[in-house]
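Here the structure is laid out as structure tokens; the discussion comes afterwards.
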There are 2 protein chains.
Amino acid sequence: MREGPDIARIASLVGDPARANMLNALMGGTALTASELALEAGVSLPTASSHLSKLMEGGLLTLASQGRHRYYGLASAQVAGMIEAIIGVAEAVGPKRVRPGPRDAAMRVARVCYDHLAGEQAVAMLDRLFDRKLLLREDNEIRLSSSGAAHFSALGIGIQAKARRPVCRACLDWSVRRSHLAGTLGAAILDKIIAEKWARREKDSRAVVFSPGGKREFEKVFLS
Amino acid sequence: MREGPDIARIASLVGDPARANMLNALMGGTALTASELALEAGVSLPTASSHLSKLMEGGLLTLASQGRHRYYGLASAQVAGMIEAIIGVAEAVGPKRVRPGPRDAAMRVARVCYDHLAGEQAVAMLDRLFDRKLLLREDNEIRLSSSGAAHFSALGIGIQAKARRPVCRACLDWSVRRSHLAGTLGAAILDKIIAEKWARREKDSRAVVFSPGGKREFEKVFLS
DNA sequence: CGCATGGTTCGATCCTCATCGAAGCATTCC
DNA sequence: GGAATGCTTCGATGAGGATCGAACCATGCG
């Protein structure tokens, strides 16, 4: 009977259906409140609260208090990666499900992830930015090329780095399961999409809906 | 309350301490019998058997029956990857451990894996045997070269194949995460190391401790 | 202030599941 | 064949933990 890192403890945290649903909901990348998570998990508020404190104690979540709201989010990319891995095995083993991620079609196409764009459109955009060498892959990081810097400046998209936050960062897409662009540049691009009125945020949802004309413009600028 | 792939089911399989210990033991890459796993997990044979059937049903293990022995192994690299990910989080969260695999330094250097040598020494040895062309890589298998056969015979190391068991087999090292040598040759080499008193097995542990002189001899014969 | 809203803590209940001894199969060895 | 070994199944026991209602804090609003 050997004693390693306490893998059973971590796994059992994910092993409860209510907690698994909560973590799954948080895979979208946005932090959620206790009541929202209770709804997602299908349990009462006290029960959810109990689960959340366990997940906190296990180090799987972070907490940001804002007024009387308390926003829970995944603690790290490592935790998200672990859940991805578990989901992968679950999908391989149980041949039940068809599509991962949000069931809502609009959410799969485009949605907000924290402060940047996610979904099929966002994944396609990152692919194109690599193709056009505006961004460069470096190990596991993403770097802005000199031509990319010029390009985004010309579009009026600011790219100054803030403290501790990189300009470009890969963020694993919940529904597509491939990376999209995060970081200050990712956020600035979403800002521009909203400012230009190419798309608007759906009310009470993270979905981002493009107008017909806006979609054309977006594709011309980012997907051509 | 969304319904995804049954992630809670998979995670809860890993979430039991006994099962976690078993899976952890199987991360070494060698398939183990039910009794060995019961020992690793610190539970009785019936309990272990019950856990193993659950892991089988969950698709996490494969089973190879050989006579009255039943060898359990991890079902896939994907499953191993998932466990790696969970271990990673557990290590990041619990600030206790630093390195993956056995915590004991002696265990990392050299230990017994089933019936052959594992650990840094064993991985280095296999590297050298390849370099010296005493062993040859063939696809995913390892073959003894003619010069190798002569070499080991001269050392008094028997190399006859037993039924169903290959002379050479690669075995993924638990701590180093690279292959070391298993099979009848791997076992015979460990036998020689013990017989020559170059090293002894630590009591109640899988660690193998070399004596100063024995280490020199071993390095002269296998690492030069 | 007093009320409403968002969250947590407490207590009691209930149920799943891990555990092991004993008995039952299966395979191999003599 | 019989005995020994390896493993699984059965049955009974027990403990941990998920759950929710009710009560309890905290923040914000008027």
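What follows draws every value from the coordinates through simple rules; no lab data is involved. Model, not experiment: these values are computed from the prediction. Backbone-built Cβ (ideal geometry, glycine too); neighbour counts: all protein chains shown.
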### Task
Fewest Cβ neighbours within 10 Å first, please rank B:Ile87, B:Ile10, A:Ile194 accordingly.
A:Ile194, B:Ile87, B:Ile10
### For B:Lys215, A:Lys133, order by how many other beta-carbon atoms lie within 10 Å, fewest first
A:Lys133, B:Lys215
### Average partner coverage of B:17-24, which counts Cβ from other chains inside 10 Å
5
### Query
Using θ = phi - 60° and the Karplus form 6.51 cos²θ - 1.76 cosθ + 1.60, what ³J(HN,Hα) does each residue of segment A:53-59 get, whole Hz, x for Gly and Pro?
5, 5, 5, 5, 4, x, x
### Query
So how compact is segment B:7-93: Cα radius of gyration and Dmax in angstrom?
12.3, 43
### Query
Ranked by Cβ crowding within 10 angstrom, fewest neighbours first, how are B:His69, B:His116 ordered?
B:His69, B:His116
